[in-house]
Each structure stands twice: as structure tokens, then as C-alpha cells.
Amino acid sequence: MQALTDGSRLMTESLVRSGADVFIGYPITPANNLYAYSKNRFKTFLAAPDEITTMQWMCGFSIAGHLPVTATSFPGFSLMMESINMAYMMELPMVIVLVQRLGPSTGTATCGAQGDLTLLEGMLSGGYNLPVLATSKANDCWTLAEKAVKTANKLRSPVVFLTSKEEMMTQFSFDLGLLEEISPVKRTFYSSDETYYPYKRDENAIPAFLPVSSNKHQVRITASTHNEQGILEGISEAALKNTLMISEKIEKNLGSYLDYELDEKEDAEILLVSWGVTANAVREAARELNNSGKTVSTFIPKTLLPLADVYVDIITKYKHIVFAEENHNSQLKKLIYGARVPSNVHCVNKIGRMIDPMEIIEEVKKHG
Amino acid sequence: MDNQFIINEPLPFCKGCGHTVVSKSTEKALQKLQLNPRDVVLVTDIGCHGIIDKAFATHTVHGLHGRSVALGSGISAGLDNPDKKVIVFVGDGGATIGMQHLIDASHNGFNMTVVIHNNMLYGMTGGQPSEFTPEGFKTPTLPEGAQHAGYDICALASEAGAAYVKRISAIGDISDELAEAFSRKGFSLLEIMEICPSYGVKSNPGLKLKQLMKNAGLDEKVYADKEPRAYKTEERSETSSLLSSKLKIEKNYDSKLSKPIRMFLSGSAGEGVQAAAELFIRAGMKSGLQVTKKGSYPVTVGVGFSASHLILSPDEILYSDSPQPDVMIVSSKDGLSFARKQVEKLDENKLLFIDDSLELPETKAKVVSLPFREEAGARNAMIYALFHYLNQSGFMPMEALKEVFGNSKISGNKKLSELVSGKF
Ligand SMILES: Cc1ncc(C[n+]2csc(CCOP(=O)(O)OP(=O)(O)O)c2C)c(N)n1
Ligand code: SF4
């Protein structure tokens, strides 16, 4: 069934079908479509008076056993940051959709960008990671939204779902018949009669969850450094271990939410790498190049953080690697290579507009 | 009386700290109300008062500095259960940085009780003044004393809609006052005045709390006591899918298009540019084409330019921008100033439709200059221009555009409808 839609509509519908039950938000362009759709679609919708309140309410709802979602852009996200650290530390399931726009600061609200990846990498004090998933095409709004909800529940963690203005606001024709069935997340809460330890972990380092509605067990939720009972303990061995185990949980279970698209062509010596809104320009550039007899492979990571080892394995096989990102400093490249970028790594960067596939093709042509 | 709620002693406060009075009286108050520890959620802020959570047998949530009221609001709304009591312990410091949350919770009437431990300074960080520090009150970092009065949170919360508000001092047994506040539905607030022995007493030797309150006009009294407007969380059982069959666009025409057409429409905000663009791509879909529409506009939607990039293609569209459009349609002055550079870059294979009232920029493109605005009116100039463009290019049936136009609100404009049916 062909329909005219936008990414926000697909994403909202998928989030709800996946089992997210509350949307809490504060308006900001370019996340407003998500806000508007959510108002009609979520079981519960709350308009918060600001983004700090948004995140705190979300944490409250999560503590009460709900699975909340919000959508914002950098100015709002930056206000949420301390509370997202809190949600990480408390280990509260929720999804935060970050719709990138041109920064710094309030920047240009109506212009897209891919400028917030390195921010996400460094946003937790101590350098820990949250799962970050990123849309790269229309269908991702559907499948990754489900993955975001289910990962948040499974890992008992906030998940950042990264996207951008054009991905959320551009309208496009789309065959709704292609959308896969989504089953709602099954939430299981701690049910044993034995004493409940809110941060005692299973073999996957994931602690069982119990909302504060429990009539049976005491639930302690804490943002400060705490032991497995949820008791603030300063730098005791047990408390520091718990802090490390939260990050262990995110890293260890990466396999369960790892997602990327790899189109490898035999004999290709050049790999095009991108994510988010520029992924389609890369796909189009590759289609043109491959049609014209110049073979290139493409690699589109969708799970951006934590970075998977396999990404490095994929990339290092190639003679030339071309990164295309709508930012000024190739943030994915920066995450992968740090300060020392090998000379066979090349970049196409633009700010203020989408990267044209022609610009990627021109860069490729420079390298054989 | 045995403790049921405080299970870890000694309490973590300096000798003589009012926070101890509040905690011990809370134990008593909860017992008086015959609450079960599992029916109470104690949310604590960051500050000396906040490290109490480990002493309590209730559910406990220890959050950020200043955010406990918002966090408690979320828990209360999330539980949405009048049998569960959400209590927030916050300091005057937390109430200062998180004032918005207090006003907001009062305003919304969240079911909870906020207990402000007002010792008129930041205890945990070494005795700096807060916005609650009364005139003349000294602290270690403010030896000259506060220059003006502090916030009257009781007055503010009452004004914002709190159901029950009272100010008391942390002297003796205050369990009756706490029990009264805890038993209220909706939002209740108790401001409890204290002097911090470690910083407040030392900086203000000989000062008596009661005297200070009297001088500062901080009366011990009930500020609000009214029928609660208790918050109820909206929870709809069924909402309708965003992907209903109403979205379906049936293909009932054929297009001759063999490669994508990229279009750039530029006009003025409020002149129906986006709506016209959407009609055009809907017609494309009716003709079996794939389409994208990317909008560009300033943040204020009612002024300045409004532009739309369209792609119509027989095949899947990946990249949805059109930096080198095949066709540009410019319907207004604002539209021209936004699109001028692009117009100038068009080559001889490109097409420009432009309103004839506009000064024509230098361009190699084939130009069609017609009185769109004059004939159809400013608000309909873009859709009218699109009719002209389709009439000339013919890449999809005119009937497709006429059909979507006929089903749209715009066709309610009689003049435009007649113009369209007469010409095309
Ligand atoms: C966002 C933020 N800013 C500053 C601090 C540092 N801080 C910790 S407690 C506190 C003030 C505590 O004063 P109050 O809330 O009155 O509680 P008290 O210690 O007096 O009980 C401050 C400023 C912090 N933890 N977080
Ligand atoms: S520093 Fe002051 S507020 Fe903090 S515990 Fe000691 S007496 Fe109480």
C-alpha cells in the first residue's frame, strides 16, 4: 500500500507498537512532528514545561514501571544531559530520540546536521557509553524504533535514538506493505520471594527490574555511586564495581542490538562509509559508481555506540575509505581513528545542507 | 514505639541538625497514618537532608540536586495510584535550583507531599546562601548578611495552585504537621524552618530561629488549604494507528517519466507553497511515481520564504535533496530572494517558471514567465504555476493532478477552480 508519509510517523507508530507507553516532551524543531504524532498515538502523553522536567518525569514514569519516550534536538538534549546520566546510573529503561539540527547552540532550527555523535560519545561523565542507534533510511524508523524500545527494556537502560531533520520531516512515498510485523515488548519484573537487590546482576550483567509499585519488596533507586542494594556508598569496592558493571552491561550485550548494513562488492578497493542522513547519498553514489563500472563497497553502521570491533575489521580491509558526514569534522571517523587518521582515509563533509552523491563520487575518483 | 520506617541509625546528620527532627517525625507521622513502608516512595534530593534515604524502609529514590520534585512528580503520575504516597525531601538549595518544578507540581496538583528542609543555606557544600536566605542572615560565604528577603515559597506554591501549604519550624515533635500534609490528596507542601548548627549557628551567634522567622515575616501558618485538584494521568485504552488505510494513495494513472525530475519550488510563507507541492507529489504517486518532498523555511512559519524540493521518479529515490533542480518555480519576491543564486546557476537544459511581476535574474534556463499571481491570486500562485508546468511537460496525466486538486480544500476556491478547469 503506497502512502505519503514521513519518518516521524513511521517512528512514532513503531515505538507505540513496540510497547513504549508514555511520550513526554517539550516542543523543538525538528522534533515537533514526533511530538504531534505522539500526542494522538501514545496511550499517555505529557507536555512538560522544559526538558529537564521532561527527563525527570520520564525517569519517574520508568521507576513506576512504564517505558517512556521523548524526542528533542540539541538545545533540549543538552538540558537533559545530567538527567540522562541519572537515568543511566539508575538503570531506567527509556528511549530518547535526538533529532539533529545545525548547531552549535540554537544554530539553525530548520536545518539538518550530523553534529551530535561525538557529543553522545562523551556525554556520560566518566566516559561510559549508552546504546546509540541511528536511522539511515525510512525503514529504519520502523525497525530500529522497535530495537530501541526492546534494547532499553532488555538492558534496563536509556537508549538514544539518533536521527536528523530531513529524516524526520521530509515526506516520501512509501509502501507500507513492506513494514514488518512488530510485537510489543514483554516486560518481566522481579517476581521471586527472595530479597530484591535492585542492582544485583544476572550472567549478562543486567539487574532485574522492579517498579516502586511493588507491595512485596523494597525498591531502592539511586543516582549516586551505589552498591547492589542501591545504597549510596561513596567509593567502596562494591559501589565502584557496580559502576563498572553498568558499562559492562552495555558493552557485553552489544551483539543483541548491533545493527549495520554492509554491501561488499568483490574486488572493490574503496569502501564508502556513512550513517544517518548521508547514508542515502552514499547508497546513491555507490549505485552510480557500480553502474559505471567502478566498484565500491558501502558500510552503514546503525548501532553507533558503543563502537563494535567488527566495524574496524570491516573498514581496515580496504585500500581506501571514504567517510561522508554532514558535519565539519567527520565524527564517526574521529571515533574510529582518534587523532591519528591514516592517509588512506578520506572525508566528504558539509554543513548547512545535505551532501550530494556527486561530491562523494568526485572524492572516490581521486583515489583510483 | 518501635521504628517501622527508619531502619538504619544513627541518622547521618550533625548534632542538633533540624534534618533529624524532620526524619524522626516522619517515622512517627507515617505510623500515625498506619502506612505500610511499601506504600511510601521517599524521593530525596542532593544535599545533607538527601542522604537519609538509606535509613528508610520505604521505597527510596535518590536523584539529582534540585530535581527531586520533578522526579517525584513523574513517579506520582506514573504510579497514578492514590494508595501510594510519594514524599519528596528537598533542601532550600534544591528548591532554589529546582523552583520551576515546585511551581509546576503545585500547578498540576500531582499527588505528593514535598517537605522543604529550609535551613536558609546550602549545608552540604559548606554554607553558601540560597535564594531562601532571609535579609540579614549570615553564612560562611556571606559574612555581611543577605541584602534582601528570601523567597516565600509558601506564598508562591499557594499562588501556583497547591492544595495544602504550611510553614513550621523544626522544633520538637512535628509528626502531626507532617501527618496532616501526608494525608492530603493532590499537592501538599510543608516548609520546615531550621538553622544548620554547623554553618548557620556559627555565622549568626545567639540568633533564635523563631525570632529570625518573625523578623523576616516567615509566619508559621497554613497558607493554602483547599479542595485538591488532584492530578489524574490520562491513559487512553485505544488510540488509532497512524498508518490507517486513509493514507493509501491508489495508482490509477500512468506516467511516461523514465528518469527522475527534480524540482525546486520557491515562494512566500503563507502562500500555500507546501500545500501545492504536496498536491503535486500526490498526483505523482497517483501516476505510479516515487516521490519525496523536502521543505525549507525559516523557523517562523508565517513570514519570509517557503521552499520545497521535490523529486518524482519512476524508480526508488535514495538521496532526497535536489541541489541541481531540473525545474524551478518561483512564485513571489521572497521566493526569488531565497532562490536567486540557484536560478542564476541553471543551465540551458533547465526550466524556470517565474511570476511575470518579478524581475528576471540572469539565467541560461528556458524561462516561462506568466502572471500566476495576478490570475490566480497570491495564495494560489504556486499550484497554478504547477498546473502550467505539468501542462507543458506532460510527464504525468493532467487528470491525476486535477483529481487530487479536486479532492483538496484548495479547490474550494471558486476562481481557481474555474481557472483550472477552463485552461487545463
Ligand atoms: C547541578 C548541581 N549543582 C550543584 C551541586 C552541588 N550541591 C550539592 S548539595 C548542594 C546544596 C545543598 O543545599 P540544600 O539543598 O539546601 O540542602 P542541605 O545540604 O542544606 O540539606 C549543592 C549546591 C550539585 N550536586 N548539582
Ligand atoms: S551541615 Fe548543617 S545541614 Fe548539613 S547535616 Fe550538618 S547541620 Fe545539618
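Bear in mind these aren't lab numbers, they're just calculated from the coordinates by the rules spelled out. Since we're looking at a predicted model, the values are computed, not measured. Heads up, the Cβs are rebuilt from the backbone with ideal geometry, glycines too, and the neighbour counts pull from every protein chain shown.
Remarks
- Net charge of Cβ neighbours under 11 Å - reference A:Arg283; Lys, Arg +1; Asp, Glu -1: -3
- Between the stretch A:19-39 and the stretch A:45-75, the alpha-carbon center distance in angstrom: 10
- Computed over the stretch B:32-167, the P(r) curve from all C-alpha pair distances, binned at 10 Å from the origin, holds 13, 41, 33, 11, 2 percent per bin.
- Look at the stretch B:306-319: the mean tally of other chain Cβ atoms within 10 Å of its residues' Cβ atoms is 3.
- For the stretch B:1-47 versus the stretch B:315-357, the gap between their alpha-carbon centres in whole angstrom: 70
- Residue-by-residue Karplus 3J(HN,Hα) for the stretch B:192-202, coefficients 6.51, -1.76, 1.60, Hz, glycine and proline x: 10, 7, 9, 10, 6, x, 6, 10, x, 5, 5
- Nearest-20 debye value, the stretch B:18-225 charge dipole, Cβ charges on Lys, Arg, Asp, Glu: 420
- Formal net charge of residues neighbouring B:Ser183 (Cβ-Cβ distance under 13 Å; K, R +1; D, E -1): -1
- For the stretch A:100-112, the Karplus equation 6.51 cos²θ - 1.76 cosθ + 1.60, evaluated at θ = phi - 60°, returns couplings of 6, 9, 6, x, x, 6, 6, x, 10, 4, 9, 10, x Hz by residue, with Gly and Pro reported as x.
- Ranked by how many other beta carbons lie within 10 Å on average, peptides B:61-73, B:29-41, A:29-41 from highest: B:61-73, A:29-41, B:29-41
- Full-stretch length increase - B:Lys364, B:Lys246 - with 0.36 nm per residue and alpha-carbon distance subtracted: 38.1 nm
- Loop-located GluC sites (Glu not before Pro) in the stretch B:349-424, at most 16 other Cβ atoms within 10 Å (DSSP): B:Glu359, B:Glu362
- Couplings 3J(HN,Hα) for the stretch B:46-63, derived from phi with the Karplus relation 6.51 cos²θ - 1.76 cosθ + 1.60 (θ = phi - 60°), are 8, x, 3, 4, x, 7, 6, 4, 5, 6, 8, 8, 6, 5, 10, 9, 10, x Hz, where x marks Gly and Pro.
- Peptide A:38-45 shows a mean partner chain C-beta count of 4 within 10 Å per residue C-beta.
- Annotation for the stretch A:135-229: GluC sites (Glu not before Pro) lying in DSSP loop with at most 14 further Cβ atoms inside 10 Å of their Cβ are A:Glu180, A:Glu181, A:Glu194, A:Glu203.
- When you count the other C-beta atoms within 10 angstrom of each residue and take the mean per peptide, B:169-178, B:19-28 line up highest first as B:19-28, B:169-178.
- Dipole moment magnitude, nearest 20 debye, the protein assembly as shown about Cα centre, only Lys, Arg, Asp, Glu C-beta charged: 640
- Trypsin sites (Lys or Arg not before Pro) restricted to the stretch B:319-424 and DSSP loop, no more than 15 other C-beta within 10 Å: B:Lys364
- Taking the charge dipole of chain B about its Cα centre, with +1 at Lys and Arg Cβ atoms and -1 at Asp and Glu Cβ atoms, the residue from B:Ser357, B:Leu11, B:Ser337 reaching farthest to the positive side is B:Ser357.
- Comparing A:Thr118, A:Val69, A:Ile361 along the charge dipole axis of chain A, the residue lying farthest to the positive side is A:Val69, per the Cβ-charge model.
- For B:Asn111, the residues 5 or more places off, or on other chains, whose built amide H falls under 5 Å of its own are B:Tyr231.
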